[in-house]
Amino acid sequence: MGAADLASVLAMLTPRADPRLLVGHGTFDDAAVFEIMPGLALVQTVDFFAPIVDDPFDFGRVAAANALSDVYAMGGEPLTALAIAAFPTGTLPTSVLGDILRGGQAMVHEAGALLVGGHTITDEEIKFGLAVTGRVDPARCLTNALATPGDVLLLTKPIGTGILATQAKRGRLNENGKAALVASMTTLNANASRAALAVNARCATDVTGFGLLGHALHIARASNVTVRIRAAAVPVLPGTLEALRDGARTGGAERNATFVAPFVSWGDVNGELRAIVLDPQTSGGLLVALAPEKVDDFRARMPAAVVVGNVSERGPQPLVVA
């Protein structure tokens with residue numbers, strides 16, 4: 001669901017205040033954080049979607065990595081996961097669902113967590129994901145709400161999964177492109193999260209369905225700052241520009257464009273770069289806000305991280321793309 005539609009739905013809910021709820025949906029964060037005792041809080045999230053790749057085992061891995069990412073985005077460590085699956089039992093052999101679950105379990109185990117159960121329904125379309133519970137030290141939790149003017153923004157994975165997945169569905173993505181796509185989506189954000197904590201970062205988000213700009217906007221609004229993104233500096237997966245020029249556009253990018261439109265100043269940014277920063281990601285990297293003096297230390301731990309922008313005092317618009 002697009003961010004604008006989701007916001008209208010959430011506006012119908014009346015939150016219940018509880019001092020133990022340290023992070024709820026009010027700050028647009030990736031997961032909830034609930035304190036259970038001093039020094040220990042639970043991180044809880046849920047995520048599921050329809051297949052983005054053809055291979056059932058890989059789909060299970062991708063969906064699991066995407067769900068686990070929300071815990072890492074909060075600075076947490078996953079503990080347990082519950083599987084959520086919808087499957088057309090009268091149409092496909094149940095071995096396909098078995099392969100999806102095996103892939104999901106493999107990724108959960110790679111994260112050092114346990115797949116402890118789940119729930120299935122019959123449906124005309126396959127859907128799979130996880131409800132994940134993790135733990136975090138409340139004093140070291142990462143959140144959208146703690147970006148500070150002067151911070152530098154770093155992105156830990158290249159962009160392009162939405163565009164490349166669309167190109168693959170059109171049957172026009174070569175094997176190298178498919179391999180790069182799956183490799184990116186099945187790389188856990190565990191190392192990026194631990195690197196952020198190691199340099200005492202306080203603000204991060206993972207870049208998923210709302211695209212780089214949508215998630216940057218969440219930081220800007222929660223922290224009451226302006227986030228500036230240098231579009232030309234954003235790294236892209238191999239084949240992304242070629243697929244874009246071949247017409248691989250996504251409906252999710254259009255919804256993301258509509259959502260950020262009232263909040264963004266585009267500057268002199270061409271159509272291709274706009275499409276990239278709006279591209280909805282699956283299991284994307286972390287966008288981390290750091291004080292400038294911490295950037296080298298972070299990049300020493302995460303060499304793939306790229307500086308893509310910075311944070312300034314709140315200006316006329318919360319988002320500026322140049």
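Throughout, read-outs are computed from the coordinates displayed, never taken from laboratory work. Since the structure is predicted, the reported quantities are computational estimates derived from the model, not experimental observations. No Cβ is skipped: glycine too gets one built from the backbone with ideal geometry, and neighbour counts run over all protein chains shown.
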- Message: Taking a virtual spin label 7 Å from the Cα of R194 along the C-beta vector, which residues in the range 278-293 bring their backbone nitrogen under 19 Å of it?
- Response: 285-288
- Query: Tell me which lysines have Cα within less than 21 Å of K127's Cα, excluding those fewer than 8 residues away on the same chain?
  - Reply: K169, K178
- Quick one: which of 217-229, 162-174, 56-68, 13-25 comes out on top by average Cβ neighbours within 10 Å, and what's the full order, highest first? 56-68, 217-229, 162-174, 13-25
- Message: Using only DSSP helix segments of four residues or longer, with each worth -39500 (n - 2.57), what per-residue ellipticity at 222 nm results for the chain after dividing by its residue count and rounding to 500?
- Response: -11000 deg cm²/dmol
- For the chain, with only Lys/Arg (+1) and Asp/Glu (-1) charged at the beta-carbon, what is the dipole magnitude about the Cα centre, in debye rounded to 20? 400 debye
- Between E125 and A261, what FRET efficiency follows from the Cβ-Cβ distance if R0 is 35 Å, with the result rounded to 0.05? 0.70
- The summed charge of the P88 Cβ neighbourhood (under 15 Å; Lys/Arg +1, Asp/Glu -1) stands at -3
- Note on the structure: Longest the chain segment clear of GluC sites (Glu not before Pro) sitting in DSSP loops (not H, G, I, E or B) with at most 14 other Cβ atoms within 10 Å runs 126-322
- Using a cut-off of 25 Å between alpha-carbon atoms, which lysines can reach K294, once sequence neighbours fewer than 8 places away in the same chain are excluded? K157
